[in-house]
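Asks: Encoded as structure tokens, here's the structure I'll be asking about.
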Amino acid sequence: MGNLFDLTGKTAVAFGGNSTLGAAMCKGLAAHGAKIAIVGRNLEKAEKVVQEIEAEGGTAKAFQADVSTRSDVEKVADE
């Protein structure tokens, strides 16, 4: 039947992925093969989550943005 939760080849964009709950969700998604884009206002916290995901063999990248600012969201989308 295979892995019902296989996210290999998918990318998850997690706004607030550097928060406690957001980081846990990002780690869970990465554990099932998704590449993770962690977006938050605090880049240092986002980079810490990236390091934790990569230490477990996952792939992630941190982005600094305020989701209430359209230009920030567009910048992340372009990257």
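Asks: Please report, as a whole percent, how much of the solvent-accessible surface of the chain comes from carbon and sulfur atoms (probe radius 1.4 Å).
Replies: 52 percent
Asks: When the convex hull of the C-alpha atoms of the chain is computed, what volume per residue in Å³ does it have?
Replies: On the way: hull volume 6.9 nm³, N = 79.
Per residue, the Cα convex hull of the chain comes to 87 Å³.
Asks: Could you work out the local net charge near residue 29, counting Lys and Arg as +1, Asp and Glu as -1, over the other residues with Cβ closer than 10 Å to its Cβ?
Replies: With Lys, Arg at +1 and Asp, Glu at -1, the neighbours total +3.
Asks: I would also like to ask the following. Tell me what the chain gives for mean residue ellipticity at 222 nm when only DSSP H runs of n ≥ 4 count, each as -39,500 (n - 2.57), the sum divided by the residue total, rounded to 500 deg cm²/dmol.
Replies: Counting only the DSSP helices, I get -13000 deg cm²/dmol.
Asks: Taking only Cα atoms, what is the 0 to 90° angle, nearest 10, from helix 43-55's long axis to the longest principal axis of the chain?
Replies: It works out to around 10 degrees.
Asks: A further question follows. Quick one: if you stick a label point 7 Å off each Cα along the C-beta vector at residue 13 and residue 44, how many nm between them?
Replies: For the pair residue 13/residue 44, the computed spacing is 2.7 nm.
Asks: Using Cα-Cα distances under 8 Å and only pairs 6 or more residues apart, what relative contact order does the chain have, in percent? Present the calculation step by step, with values, prior to reporting the outcome.
Replies: Details: 133 pairs, mean separation 20.7, N = 79.
For the chain, the relative contact order is 26 percent.
Asks: A follow-up question, please. Enumerate the lysines that residue 45 could reach by cross-link, defined here as Cα to Cα under 21 Å, with residues fewer than 8 away along the same chain left out.
Replies: Answer for residue 45, where 21 Å is the Cα cut-off: 27, 35, 61, 75, listed by chain and number.
The values are calculated or read from the model by the stated rules, or taken from the named source; none is laboratory data. It should be emphasised that the depicted structure is a prediction, and the values quoted were computed from it without experimental measurement. Backbone-built Cβ (ideal geometry, glycine too); neighbour counts: all protein chains shown. Quick note on the areas: whole protein, heavy atoms, side chains included, nothing else; ligands and nucleic acids left out. Shrake-Rupley method; radii C 1.70, N 1.55, O 1.52, S 1.80 Å.
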